[in-house]
Amino acid sequence: MARAQRALIFDLDGTLVDTVYAHVFAWQRAFAEVGLPIDGWRIHRRVGMSGGLFARAASREIGRPLSEEETDAIQHRHGELYRELLPERRPLPGAVEVLAELRDEGVPYGIATSGRRPEIDASLEALGVREETVVVERGHVDRAKPEPDLFLTCAERLGVSPVDCYVVGDAVWDLLAARRAGMLSVGLLSGGYGEDELTRAGAFRVYRDAAELRGSLDELGVLN
């Protein structure tokens, strides 16, 4: 009996590109501009959620509910500030190389991100993502992380069963969404979460970054 095809589904921010802290600063400034100061560490703990969920979670941290209009305005301003703060994106160590190796070896892979276009365009370009690469972003699904929709949609477009997919992410929200999707998950430390946090959230393996992941693909059974 032929072995089932394995696939990898990657988060984007903090997993493949060094953008987490730019997002933190952009959210912090967007809230400050409307008179709602919030500590940076509280923002960091929420990065990886969809913008709408993030804004609502942040409002609980602040102690004041936000109207739908306020939430939309803050999300829009975050996007503007993020593109101003980080017009050029830097791939994290090993990110470009691991995607290239998977492509060369014929291993299916995709990217599933809570970000939206045009915010993610520069990141995809920096990674050299090709037109044929499956990319699922927030606008493609009804619900973003920690719901499983992004990962399930990516698996469907890859033509691979969810049980044969590994999710690679840097945040607990990635790992929670992977668990809900019925997928094993791999945690990377490159987004600022600790190994114990990622393990408790359900990570099957935890690696330093995409470079260390690349050297360990045989452990996941995706390469012989």
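The numbers here are math on the coordinates, done by the rules we state, and not lab data. Quick caveat: nothing in here was measured; it's all calculated off a predicted structure. Neighbour counts are summed over all protein chains in view; Cβ atoms, including those assigned to glycine, are modelled from backbone coordinates with ideal geometry.
Considering only TRP27, TRP41, TRP173, give the residue with the highest GNM mean-square fluctuation for the chain, with springs between Cα atoms whenever their separation is below 10 Å.
Per the Cα network of the chain with a 10 Å cutoff, TRP41 tops the list.
Quick one: what are the phi-derived ³J(HN,Hα) couplings along the stretch 193-206, Karplus 6.51/-1.76/1.60 with θ = phi - 60°, whole Hz, x for glycine and proline?
Karplus-based 3J(HN,Hα) across the stretch 193-206 equals 7, x, 4, 5, 5, 5, 5, 5, 7, x, 5, 6, 9, 10 Hz.
Roughly how big is the stretch 20-85's charge dipole about its Cα centre, with Cβ charges of +1 (Lys, Arg) and -1 (Asp, Glu), in debye to the nearest 20?
Value, rounded to 20: 300 debye.
Given the rule -39500 (n - 2.57) for each run of at least 4 DSSP H residues, summed and divided by the residues of the chain, what is its mean residue ellipticity at 222 nm, to the nearest 500 deg cm²/dmol?
Details: 10 runs with 98 residues, N = 224.
Calculated mean residue ellipticity at 222 nm is -12500 deg cm²/dmol.
For the chain, what proportion of DSSP beta bridges, expressed in % and rounded to the nearest 5, is antiparallel? Could the numbers behind the result be given before it?
Numbers: 1 of 21 bridges.
Antiparallel: roughly 5 percent of the beta bridges in the chain.
Using only Cα atoms, locate the centre of the stretch 39-95 and the centre of the stretch 152-224, then give the distance between them in Å, rounded to an integer.
Value for the Cα centre distance between the two parts: 23 Å.
Please name which of ALA55, ALA95, LEU85 has its Cα lying farthest along the dipole of the stretch 53-95 towards the positive end, using unit charges on Cβ (Lys, Arg +1; Asp, Glu -1) and the Cα centre as origin.
ALA95
Placing one identical point scatterer on every Cα of the stretch 113-168 and ignoring solvent, what is log10 I(q)/I(0) from the Debye formula at q = 0.13, 0.15, 0.20 Å⁻¹?
Calculated log10 I(q)/I(0) at the listed q: -0.33, -0.45, -0.78.
Treating only the Cα positions of the stretch 78-224 as identical point scatterers, give the base-10 log of I(q)/I(0) from the Debye formula at each q in 0.19 Å⁻¹.
-1.33
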